[in-house]
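S.K.: I'd like to ask you about the structure that follows.
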Amino acid sequence: MEQSTIPGFRFVPRTGVIYVMHEAMRHGFSYDAPQWANLGQGSPETGPIPGAPPRIESLVIPASKQQYGPVAGNSDLRQAVADFYNTTFRRGKKSKYTRENVSIASGGRLALTRLASALGNINMGHFIPDYTAYEELLSVFKAFTSIPILLDGEAGYKIPAAALKKEILGRGLSALLASNPCNPTGQLVEEGELREWCGLARECQCSFIIDEFYSHYIYNTKPGAPRMVSAAAYVENVEKDPVIVVDGLTKNWRYPGWRISWTVGPKAVIEAIASAGSFLDGGANHPFQSIAAGLLDPQLAGQETAAIQKHFGETQADGHRRGCRAGGRVLHLGESFPAAEAIERRDEFLPRGAQGKGDYRARRVLRRESRQPAGARALRKLLPRQFRAGNEKARNGPRCPRTGHQKVPQIAAAALRARAAASSLLYAGIFYIKIHAWLRWKHALFFASSIPGS
Ligand SMILES: Cc1ncc(COP(=O)(O)O)c(C=O)c1O
């Protein structure tokens with residue numbers, strides 16, 4: 001593991017996407033090099049695609065929009081987002097979103113950062129595998145403990161609602177973060193299952209933060225019938241249900257460079273993250289917000305979604321086929337080989353042990369678990385709950401630089417044993433002194449009562 005050479009700074013690991021881009025650039029990739037195609041990351045085609053509304057290519061910026069915007073976002077965009085969710089997902093429902101249920105931020109990661117910085121001293125669950133940025137992003141904040149929940153590759157990285165409930169209750173989760181559809185597994189939670197998830201959030205009083213950045217990329221739809229999925233459809237009361245939806249222009253509208261995202265949820269959450277925005281970032285890109293509001297027109301958004309589903313549905317499979325025919329090459333972790341081999345060799349790219357399980361990060365967690373010596377695991381069970389779950393001391397404590405594994409529970413256990421021994425000694429001492437004093441007093445009484453006339 002590299003160490004920072006600059007005093008005071010820690011080594012900041014590159015998360016998946018950044019690492020891959022860095023490697024590709026080392027091999028000659030650039031955004032305008034025609035011989036390269038990026039098959040790996042969610043960097044959507046930003047140009048025109050058949051059937052989609054025309055792309056926005058120019059913008060006039062009046063002087064008023066050169067100023068700082070409101071930290072929670074322009075009210076026209078906030079209202080447009082609320083209207084989009086009410087029209088698309090909440091028709092016929094009594095409880096509706098208003099602009100006060102919406103906060104705008106500079107892109108998805110910042111929206112999540114604002115949310116993370118507004119969380120209290122709680123346990124926050126997130127799945128492994130899930131979006132690569134989560135693990136690192138969540139580890140930066142010290143107020144809460146992030147708890148990875150390992151999904152089983154053999155079960156298709158799906159977690160039934162009953163198992164999820166057990167995780168929430170068993171690990172004392174007050175919040176859960178998940179992308180839906182999941183990046184990278186593509187798992188989609190929808191309809192009855194998503195309704196159950198929202199019910200769990202209510203029942204277990206666990207805030208579900210649902211990252212819906214890919215919620216328009218659903219390919220098993222009928223042609224011409226765009227399908228979008230949102231947990232907002234299953235929220236009963238927009239102020240009471242602890243369900244928070246995060247989305248933005250990055251993927252579903254194919255404008256990643258605009259850096260516009262939104263968070264939709266109860267007003268209390270929106271106020272908290274707007275306050276966080278006032279010290280974290282100072283508000284989203286101001287000039288682009290009004291034009292973004294126009295993109296949220298439900299009809300335009302539907303047209304864009306239908307085009308995305310048709311175009312990418314066809315080109316994904318086709319792209320790989322064409323790449324193979326054209327003799328294209330795939331770059332994988334620094335190794336370059338013919339595209340035609342990519343499918344056959346897919347499993348081979350994973351570290352041993354993760355093969356057949358499908359995901360590198362799943363393997364990493366398995367390794368972490370097994371690295372913990374059996375004694376340490378047994379000891380953890382003996383620890384008071386707050387140490388097991390990782391309280392303030394545990395969270396701030398050292399981590400193994402290689403595995404990221406928290407060392408503190410063991411340290412905490414040793415400290416606890418020492419404290420228990422010291423307090424036993426102290427109590428024994430106090431007991432001895434008390435007995436001694438009592439005996440002396442009794443003795444004195446005896447002698448006093450035996451003095452004639454006393
Ligand atoms: C699941 C998921 N959520 C959020 C984001 C973040 O989007 P942004 O680029 O707007 O920060 C991404 C980006 O790749 C993503 O894949």
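Every read-out reported here was derived from the displayed coordinates using simple, explicitly stated rules and does not represent laboratory data. This one's a predicted model, so the numbers in the text were calculated from it and none came from an experiment. Cβ placement follows ideal geometry from the backbone for every residue including glycine, while neighbour counts extend to all protein chains displayed.
S.K.: Would you please put 185-191, 425-431, 91-97, 238-244 in order of how densely packed they are, using the mean number of other Cβ atoms within 10 angstrom per residue and starting with the highest?
M.R.: Descending packing order for the listed peptides: 238-244, 185-191, 91-97, 425-431.
S.K.: Suppose each label sits 7 Å from its Cα in the direction of the beta carbon; what would the residue 430-residue 237 distance come out to in nanometres?
M.R.: 4.7 nm
S.K.: Go through the stretch 181-193 residue by residue and turn each phi into a ³J(HN,Hα) via Karplus (6.51, -1.76, 1.60, θ = phi - 60°); whole Hz please, and just put x for glycine and proline.
M.R.: Ordered by residue, 3J(HN,Hα) equals x, 7, 9, x, 7, x, 4, 10, 9, 9, 6, x, 5 Hz.
S.K.: If you don't mind, another one. First select every other residue whose beta carbon is under 9 angstrom from the beta carbon of residue 290; then total the charges, Lys and Arg +1, Asp and Glu -1.
M.R.: With Lys, Arg at +1 and Asp, Glu at -1, the neighbours total 0.
S.K.: With the cut-off at 25 Å, tell me which of the pairs 142/251; 165/240; 251/310; 267/310; 94/267 have Cα atoms farther apart than that.
M.R.: From 142/251; 165/240; 251/310; 267/310; 94/267, over 25 Å: 142/251; 267/310.
S.K.: Would you give the gap between the C-alpha center of the stretch 83-109 and the C-alpha center of the stretch 134-212, rounded to a whole Å?
M.R.: With the stretch 83-109 and the stretch 134-212 each reduced to a Cα centre, they are spaced 21 Å.
S.K.: Could you sort the peptides 25-36, 131-142 by per-residue average Cβ neighbour count (10 Å cutoff), highest mean leading?
M.R.: 131-142, 25-36
S.K.: Would you grab the residues whose amide H sits under 5 Å from the one on residue 260? Only those 5+ places off in sequence or on another chain, please, with H modelled 1.01 Å from N.
M.R.: Close amide H contacts, sequence-distant or interchain: 107, 249, 250.
S.K.: What order do you get for 173-183, 250-260 when each peptide is scored by the mean count of other beta carbon atoms within 10 Å, highest first?
M.R.: With the highest mean Cβ count within 10 Å placed first, the list reads 173-183, 250-260.
S.K.: How would 20, 12 line up from fewest to most surrounding beta-carbon atoms within 10 angstrom? Before the final figure, lay out each step's value.
M.R.: Working: 20 19, 12 10.
Ordered from fewest to most neighbouring Cβ atoms within 10 Å, 20, 12 come out as 12, 20.
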